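Heads up, the thing below is written out as structure tokens.
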Amino acid sequence: MTAVLPSSYTVRPPSREDAQALLELVSDYNTSVVGFADYTFEDAEDQLTEPGFDPARDGWLVFDGDALVGYGAVFGKGDHSQLDLDIVTMDLGVETYLLENVLRRSAEFAREYGHSSVQLDAVNYQADVARRDRLAGHGFQPGTTFHRMRIDHDGAVATPEVPAGVTVRRGAPDEAIRRAGHAVLNESFAGQFGFTPRSFEEWRAAQENFSAFDWSQLTLLELDGEVVAMRSCTSQFVEDENCGYIGRLGVLEKARGMGLAKFLLRDQFALDAAAGRAGTILHVDTNNPTPALGVYLSVGMQPTLVMEVLRHEVPA
């Protein structure tokens, strides 16, 4: 069955100029579920200008008159075997309409990239049980659960001692350093749920498009002259929570068990506290094949919000 919108509704592709309207739509929905906006104007702009996102084919805005009542989009990376959807609306008819368009476009991606099917992921606040049930009715099944972790900083935080034999490289002023960080990212996250390796060029473009990131926020650890760990931070939680954010933290398998991850965590805590941040935030997959959750708990971080990823296999 194809969803039909009311005759008074109109649909068009999104553009960067729609960021304020998208902010208001997403903030209203998030507040209704978790009690706060959990979204900023910069988040909206970044989403609408994501490299590789083709608004004319991959996004939809639904209006009732001049009021934005629905937003839908599908995003792909690398070989596009795994896609992410974003649908925000308070109107169930609009939700069905947007989901049908996302599913259709996902099947097109599968054909365009030569896949027999693609994995389509939807992130859902665990508190929104009704939405989870609706997505289940469209074939989505539980994939994994993410915890948003946070540690609060009350005053200065001691700078940790650098592990023996390790050199800390702060910032990435040139391409060689950036490529080293990208290589560690792809290798250390290989096989983790929802991670799609990207070429250096694609990854670099995404980083540079993200308004909350600059290359000074990339930190690398060297051991015997080889980069074996990376930490990529952003300021995306500064505006709404005055917190630093660790977007990615990866350690090569051969360098695990040496305390490098804990050093990178505590080092960022000290940096955030010195910058006057109220805390530090990160997200962790509770089904991570590495003991990441235990590491974060061991340094004092605690879960503050739970999100689930629901997955649907879309045939070509």
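Taking the criterion of being surrounded by 22 or more Cβ atoms within 10 Å (Cβ to Cβ), of a type outside the set (D, E, K, R) and in a loop (DSSP other than H, G, I, E, B), would at least one residue in the range 240-252 satisfy it?
No: the range 240-252 contains no residue that is surrounded by 22 or more Cβ atoms within 10 Å (Cβ to Cβ), of a type outside the set (D, E, K, R) and in a loop (DSSP other than H, G, I, E, B).
For every residue, the table says whether it meets (1) among the basic types (K, R); (2) modelled with pLDDT under 95; (3) under 19 Å from Q217 (Cα atoms); (4) in contact with a His (Cβ under 6 Å, 6 or more places away or on another chain).
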| site | (1), (2), (3), (4) |
| --- | --- |
| V238 | no, no, yes, no |
| N242 | no, no, yes, no |
| D267 | no, no, yes, no |
| N287 | no, yes, no, no |
| V309 | no, no, no, no |
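Select from the range 128-151 the residues that are over 30 Å from Q268 (Cβ atoms) and basic (K, R) and list them in ascending order. Explain how you work it out, then say what you get.
Within the range 128-151, the subset over 30 Å from Q268 (Cβ atoms) is 128-142.
Those that are over 30 Å from Q268 (Cβ atoms) and basic (K, R): R131, R132, R134.
So R277 passes all but one of these: (1) surrounded by fewer than 21 Cβ atoms within 10 Å (Cβ to Cβ); (2) under 15 Å from R150 (Cα atoms); (3) in contact with a strand residue (DSSP E or B) (Cβ under 8 Å, 6 or more places away or on another chain); (4) among the charged types (D, E, K, R). Which condition number does it fail?
(1)
Please specify each residue of the range 291-316 satisfying the condition of being within 30 Å of S116 (Cα to Cα) and open to solvent by less than 40 Å² (accessible area, probe 1.4 Å).
Of the residues in the range 291-316, the ones within 30 Å of S116 (Cα to Cα) are 307-316.
Answer for the range 291-316, where residues must be within 30 Å of S116 (Cα to Cα) and open to solvent by less than 40 Å² (accessible area, probe 1.4 Å): M307, E308, V309, L310, H312, V314.
What are the pairs, 6+ residues apart or on separate chains, where a residue within the range 52-70 that is closer than 18 Å to V4 by Cα has its Cβ under 8 Å from a residue that is among the charged types (D, E, K, R) and open to solvent by 70 Å² or more (accessible area, probe 1.4 Å)?
W60/R12; L61/R12; F63/R12; L68/E24
Quick check on my filter: what residues within the range 193-206 are under 28 Å from E308 (Cβ atoms) and open to solvent by 30 Å² or more (accessible area, probe 1.4 Å)?
F193, G194, F195, P197, R198, E202
Just give me the residues in the range 106-148 being more than 25 Å from V306 (Cα to Cα), hydroxyl-bearing (S, T, Y) and either open to solvent by less than 50 Å² (accessible area, probe 1.4 Å) or at pLDDT below 95 (or both), in sequence order. Reasoning before the result, please.
At the first step, the residues of the range 106-148 found to be more than 25 Å from V306 (Cα to Cα) are 106-118.
Keeping just the survivors that are hydroxyl-bearing (S, T, Y) gives 106, 113, 116-117.
Those that are more than 25 Å from V306 (Cα to Cα), hydroxyl-bearing (S, T, Y) and either open to solvent by less than 50 Å² (accessible area, probe 1.4 Å) or at pLDDT below 95 (or both): S106, S117.
Out of P6, P13, P55, report the one residue that is over 20 Å from the mean Cα position of the chain (by Cα) and either at pLDDT 95 or above or on the phi > 0 side of the Ramachandran plot (or both).
Of P6, P13, P55, the one residue that is over 20 Å from the mean Cα position of the chain (by Cα) and either at pLDDT 95 or above or on the phi > 0 side of the Ramachandran plot (or both) is P13.
Are any of the residues in the range 261-270 of a type outside the set (K, R) and open to solvent by 40 Å² or more (accessible area, probe 1.4 Å)?
No, there is no match, as no residue in the range 261-270 is of a type outside the set (K, R) and open to solvent by 40 Å² or more (accessible area, probe 1.4 Å).
I'd like to verify a number: residues in the range 9-47 that are open to solvent by 70 Å² or more (accessible area, probe 1.4 Å) and not in a helix (DSSP H, G or I), how many?
3
Only one of these conditions is not met by L103: (1) within 23 Å of E17 (Cβ to Cβ); (2) buried (at least 16 other Cβ atoms within 10 Å of the Cβ). Which number is it?
(1)
The values are calculated or read from the model by the stated rules, or taken from the named source; none is laboratory data. Quantities reported herein were computed from a predicted structural model and do not represent experimental measurements. Neighbour counts are summed over all protein chains in view; Cβ atoms, including those assigned to glycine, are modelled from backbone coordinates with ideal geometry. These accessible areas exclude ligands, DNA and RNA; they are computed on the full protein's heavy atoms, side chains included. Shrake-Rupley method; radii C 1.70, N 1.55, O 1.52, S 1.80 Å.
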